[in-house]
Amino acid sequence: MTSVRANIFLLSVGLALLGLVMVYSATYRDYSEVYLWTRLGHLALGLGAFALVSRVRYTSWRKAAPVLYLLVLAVLVLVLVPGFGKEVGGARRWFDLGPLSLQPAEFAKLVAVLVTACAVARLPRGAGLPLKPLAAVGALFLLVFVEPDFGTSVVLLSGVVGALWASELATRSLLVSGALGFVVLVGMMLAAPYRRARFMVFLDPWAQADGSGYQIVQSLVAIKAGGMFGAGAGAGAQGPAVPEIGTDMMFALVGEELGLLGMVAVILAFVYLVLSGFKISLSAPTVMARCVAAGLSTMFAVQATFNIGAAMGVLPLAGMTLPFISYGGSSLIVCFAAVGALYRISKDSERAREITPKPRATNTNSRRRYGRTRDPRALRGR
């Protein structure tokens, strides 16, 4: 287990360094080295978040959960107030802090998983859903959704679902609530005209290549231009034509500049990260730790899948960044904090196994296991 947690940390750093190169490649033509230095600052903050979270025992998170929830809830409300939240492209999601910006919705993902895990850990096996805690999490979901930030709200919901499925609640309650949640989510997606248009254009982007399908078409063109080995970092010619190339469509830039081999390497890296997270969840010593690890791993899986799938035209656009690689300081900090939580759960799990006393054997050969012979006559050679 030690190697697993070390590997996911090193893998996360490697993906972040790749993101540093990709962000610079996507922005140097228009902004020189501005975003490079900003991204370096994000990386430093992310490593600090990892160091902080990985040093706090997961049993202490239960005490901090109510305070963190109220803090995130307050800033989610505050960011919607004109004059406090910064509006970009019709969405009010950020606090402008000068050279940096803060996106509270990213931190809401972690808090939602933590609150859910703490709630289900208190319930007996086979119990129903904890309605009050889920209502509290639902408030976070709605505040993120009305910013609007559909992609982050989906990731938040996926983390909650992952935590619930790792719990010991009644399977019937989970199935019914999951079905209702899916119906509500699809309804929310189709209710807004621009989200409905995203879904429809995903079915045939080439039919509207100069309109609503432009982003997907240009992404596919960039990926095709990369071929097997790519054009090289900073040498992509099609990338600048892709809207949101530094965030939602970062994987298209990876495909053009690193080629098919680079794309496969990134996909395998995320597969390893997610599977390792679920492995840590399965070996967790408590229900709460298992639910936290499962929820965080599910968030990584959903976010990476939708970002990569959207860039390749196999999934509809959902406005999700590629973890560790896309530009975004809050996203990078939260990703490293999540890896720090997985790291700490793995470490505490290993420690719990070490201090658990081994049961004494009761069979007739038990004396031999403790260095004694079964028959005293063996000492006399009989």
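Within the option set Val111, Val154, being assigned to a helix (DSSP H, G or I), at pLDDT 95 or above and under 22 Å from the mean Cα position of the chain (by Cα) holds for one residue only, Val111. Taken together, the residues in region 49-59 that are surrounded by 14 or more Cβ atoms within 10 Å (Cβ to Cβ) and modelled with pLDDT of 90 or more amount to 4.
To keep it simple, each residue is scored yes or no on (1) under 30 Å from Gly232 (Cα atoms); (2) out of contact with any Gly (no Cβ under 6 Å at 6 or more places or on another chain).
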site	(1), (2)
Phe270	yes, yes
Val287	no, yes
Gly295	no, no
Thr305	yes, yes
Ala310	yes, yes
Ala338	no, yes
Arg344	no, yes
Ile355	no, yes
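Go through region 22-37 and report how many residues are buried (at least 17 other Cβ atoms within 10 Å of the Cβ) and β-branched (Val, Ile, Thr). Number satisfying all stated conditions: 2. Taking Ser101 as the residue in question, decide whether it is surrounded by fewer than 20 Cβ atoms within 10 Å (Cβ to Cβ) and under 24 Å from Pro243 (Cβ atoms). In short, yes. The combined condition, being free of Cβ contacts under 8 Å to residues at least 60 places away in the same chain, assigned to a helix (DSSP H, G or I), farther than 16 Å from Ile245 by Cα and of a type outside the set (Asp, Glu), is not fulfilled by Gly211.
Would it be correct to say that Ile308 is surrounded by 17 or more Cβ atoms within 10 Å (Cβ to Cβ), within 20 Å of Ser153 (Cβ to Cβ), modelled with pLDDT of 95 or more and of a type outside the set (Phe, Trp, Tyr)?
Taking the combined requirement at face value, the residue satisfies it.
In region 114-151, the residue that is surrounded by the fewest Cβ atoms within 10 Å (Cβ to Cβ) out of those that are in a loop (DSSP other than H, G, I, E, B) and in contact with a helix residue (DSSP H, G or I) (Cβ under 7 Å, 6 or more places away or on another chain) is Gly128.
Does region 56-73 contain any residue that is within 13 Å of Phe336 (Cβ to Cβ) and β-branched (Val, Ile, Thr)? No - not one qualifying residue is present in region 56-73. Look through Val242, Val183, Val176 and report the one residue that is in contact with a Leu (Cβ under 8 Å, 6 or more places away or on another chain) and closer than 30 Å to Phe141 by Cα. Of Val242, Val183, Val176, the one residue that is in contact with a Leu (Cβ under 8 Å, 6 or more places away or on another chain) and closer than 30 Å to Phe141 by Cα is Val242. Being small (Gly, Ala, Ser) and within 24 Å of Pro323 (Cα to Cα) holds for only one residue in Ala197, Ala127, Ala117, and it is Ala117. Candidates in region 60-84 are the residues that are in contact (Cβ under 8 Å) with a residue 60 or more places away in the chain and either surrounded by fewer than 18 Cβ atoms within 10 Å (Cβ to Cβ) or over 22 Å from the mean Cα position of the chain (by Cα) (or both); of these, the one that is nearest to Val137 (Cα to Cα) is Leu73. Among residues belonging to region 226-244 that are closer than 19 Å to Asn307 by Cβ and modelled with pLDDT of 90 or more, point out the one that is surrounded by the most Cβ atoms within 10 Å (Cβ to Cβ). Only one residue fits best here, namely Gly226. Does at least one position in region 115-131 carry a residue that is in contact with a Gly (Cβ under 6 Å, 6 or more places away or on another chain) and in contact (Cβ under 8 Å) with a residue 60 or more places away in the chain? No, region 115-131 contains no residue that is in contact with a Gly (Cβ under 6 Å, 6 or more places away or on another chain) and in contact (Cβ under 8 Å) with a residue 60 or more places away in the chain. Whether a residue is exposed (fewer than 14 other Cβ atoms within 10 Å of the Cβ) and either closer than 30 Å to Ala16 by Cα or touching a residue at least 12 places away in the same chain (Cβ under 8 Å) (or both) was assessed, and Ala163 does not pass this test.
The values are calculated or read from the model by the stated rules, or taken from the named source; none is laboratory data. Computed from a predicted structure; not experimentally measured. Cβ coordinates were reconstructed from backbone atoms using ideal geometry, including for glycine residues, and neighbour counts include every protein chain displayed.
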